[in-house]
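These notes concern the structure reproduced below.
Coordinate-derived values only; no laboratory data. Just so it is clear, the model here is predicted, and its values are computed rather than measured. Virtual Cβ from ideal backbone geometry, glycine too; neighbours counted across all protein chains shown.
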Amino acid sequence: MNYKVKGTYDLLPEEAIKWEYVTNKLKEIFKKYNYKEIRTPIMEYSEVFHREGEFSDMVQKETYNFVDKGNRNITLRPEATAGIMRSVIENKSYAQNDILKYYYIGPNYRYERPQKGRFREFYQFGIEAIGLKSPYVDAEVIMLASDIITEFGLDGVLIKLNSLGDNESRLRYQKVLEEYFNSHKTGLCNDCQVRLDNNPLRILDCKIDGPKDIVKNAPKSIDYLTDNSKLHFEKVLKVLDENKINYEIDHNLVRGIDYYSETVFEIHAHIKDFGNANTLGGGGAYDNLSIDLGGPELTGIGFSFGMERFIEALEVSGVMPNMEYILDAYIITFDESFNQFASHVLKELRDANITSEMDYDTKSVKSKMKKAIKLNPKYLIFIGEDEVKNNLVSVKDTETQEQQQMKLEELLKLLGGK
Ligand code: AMP
């Protein structure tokens, strides 16, 4: 079987260079806000994701689970946050500081129906701010998400947000919602009738057309917030106003995973022909996750973006810079007997950090030249009898077509080597 696994893709060098650009730029943005990288394992014990009370499709239906040879239940992470929280608890990192600020870039696995922009192995980047419950932290996280959109040159950043409130607000709201949806039960889709028993909040997320009106007219979480949660959310909005962040309240926003509480949000940009996919990322606060994982009471808020979708958004919006690999020097020898001398030149070039290659083929110079044109090096270096005898190299500038003989030191200087 010589096919890749369904829902996976090969990232070839022409694409990988774009990922490198995006990753480097992201790291610069995260650095401005003093977020530091965290890398947690791709495989975790299943209970990290399969927690009691987690009824999201992602966890219930889409995880890759297996039993390892030691009879342990393992799950490939479908998202980053739960693993990061597991790490914070296990390493007691929360004792280091009142707020931990992490960013991550890495693969996740979900057994979803593959379609455009949806994969079974896909990358996400995002941040988590763990330990300090403050509207200013929420606002900072949202502002960072908005900053990513604008820094990469995308237009029309819009943050959609909502508040689910603290546990008390959520319980109150859940009860009202349950009553409301129960009275409209027959109008709900099959999946939502199941959600009604497990977590009625998730019905607000229903993507099926029929019950849309029922969902639209449902009670709003914002009307059931406790005073504390209300004040918290108002303060978040004030900071966003103060900093001219473009946002709108979306009362149906609950996000796909059940651990969210208080502030939840999605990050949109205006992307031509992207339709629904203009949601580039989403996030929210998760006050119960640590406890659900057996840890101490620990608040957190974060977001994640899908890397593939983000890169496609940059491309279709015309803001992905033209990324190409640059070959500084390409060595061609006139006969294999000069290869030893040439290998020394090559080593010197590389020691000086100059991207260089040599044609090891024994074919004619004509065929080597053909190959060289395709590789498009800045300089062609020719080595023949004369060069070896006089300890020189012949250097051709492929742009001006000028050619001259010079010493190796002069070549290194010409190419700006260090
Ligand atoms: P979520 O973790 O489901 O809130 O998704 C956050 C972002 O990750 C989404 O906005 C998507 O851009 C991306 N994403 C989620 N699932 C997939 C997938 N299966 N393939 C590609 N990207 C995904």
Item to check | Neighbourhood charge, 13 Å Cβ-Cβ cut-off, centred on Tyr21 and excluding it, Lys, Arg +1 and Asp, Glu -1 | outcome: -4
Checklist outcome for this item: Counting Lys and Arg as +1 and Asp and Glu as -1 over every other residue whose Cβ sits under 10 Å from the Cβ of Tyr379, the net charge comes to -1
Checklist entry - Ranked by Cβ crowding within 10 angstrom, fewest neighbours first, how are Ser146, Ser367, Ser46 ordered? => result Ser367, Ser46, Ser146
Next on the checklist: Mean-square fluctuation check for the chain, GNM, Cα pairs under 10 Å: which of Phe66, Phe55, Phe265 is largest?
Outcome noted: Phe66
Checklist entry - With each run of n ≥ 4 DSSP H residues scored as -39500 (n - 2.57), what mean residue ellipticity at 222 nm is computed for the chain after dividing by its residue count and rounding to the nearest 500 deg cm²/dmol? => result -11000 deg cm²/dmol
Checklist outcome for this item: Within the chain, the percent of DSSP beta bridges that are antiparallel, given to the nearest 5, stands at 80 percent
Next on the checklist: Within segment 85-115, list the residues whose amide N lies under 13 Å from a label point set 7 Å along Cα→Cβ of Lys6.
Outcome noted: 111-115
Next on the checklist: On a full-extension model of 0.36 nm per residue, what is the gain between Lys92 and Thr398, subtracting their alpha-carbon distance, rounded to one decimal in nm?
Outcome noted: 104.4 nm
Next on the checklist: Can you give me the angle between helix 339-351 and the longest principal axis of the chain, using Cα atoms only, in degrees from 0 to 90, rounded to the nearest 10?
Outcome noted: 40 degrees
Checklist entry - Among Ser87, Ser290, which comes first, then next, by fewest other beta-carbon atoms within 10 Å? => result Ser87, Ser290
Checklist outcome for this item: In nm², the average projected area of the convex hull spanned by the Cα atoms of segment 186-231 is 3.7 nm²
Item to check | Nearest 10 degrees, 0 to 90: helix 81-90 Cα axis against the chain principal axis | outcome: 90 degrees
Item to check | Dipole of the chain, positive end: most advanced residue of Ile311, Phe30, Phe122 [Cβ charges, Cα centre] | outcome: Phe122
Checklist entry - Taking a label point 7 Å from the Cα of Asn71 along the Cα→Cβ vector, which residues of segment 36-65 have an amide N closer than 17 Å to it? => result 46
Checklist outcome for this item: If each part is reduced to its alpha-carbon centroid, segment 130-179 and segment 330-364 end up apart, in Å, by 57 Å
Checklist outcome for this item: At 25 °C and 0.890 mPa s, the Stokes-Einstein diffusion coefficient in µm²/s for segment 329-414, with hydrodynamic radius from the Kirkwood sum on alpha carbon pairs, is 193 µm²/s
Checklist outcome for this item: Expected unfolding gain across Tyr136-Asn243 under the 0.36 nm per residue rule, minus the alpha-carbon gap, is 37.3 nm
Checklist entry - Anyone know which of Lys238, Lys389, Lys61 comes out most mobile in the 10 Å Cα GNM of the chain? => result Lys389
Checklist outcome for this item: Given 4 °C, 1.567 mPa s and a Kirkwood radius over Cα pairs, the Stokes-Einstein diffusion coefficient of the chain in µm²/s is 52 µm²/s
Item to check | Over the chain, relative contact order from alpha-carbon pairs under 8 Å, at least 6 apart, % | outcome: 15 percent
Checklist outcome for this item: About its Cα centre, segment 329-414 carries a charge dipole, from +1 on Lys and Arg Cβ atoms and -1 on Asp and Glu Cβ atoms, whose size in debye to the nearest 20 is 320 debye
Item to check | GluC sites (Glu not before Pro) restricted to DSSP loop in segment 32-102 with at most 12 other C-beta within 10 Å | outcome: Glu52
Checklist entry - Can you give me the relative contact order of segment 282-418 as a percent, contacts being Cα pairs under 8 Å and 6 or more apart? => result 20 percent
Item to check | segment 355-418: GluC sites (Glu not before Pro) in DSSP loop, at most 13 other beta carbons within 10 Å | outcome: Glu399, Glu402
Next on the checklist: Along the Cα→Cβ direction, 7 angstrom out, place labels at Asp386 and Glu348. What is the inter-label distance in nm?
Outcome noted: 1.8 nm
Checklist entry - So which residue, out of Gln96, Gln193, Gln404, gets the largest mean-square fluctuation from a GNM of the chain using Cα contacts under 10 Å as springs? => result Gln404
Item to check | 0 to 90° range, to nearest 10: angle between helix 307-316 axis and the chain longest Cα axis | outcome: 70 degrees
Checklist outcome for this item: Expressed as a whole-number percentage, the relative contact order of segment 198-287 with C-alpha contacts under 8 angstrom and at least six residues apart is 26 percent
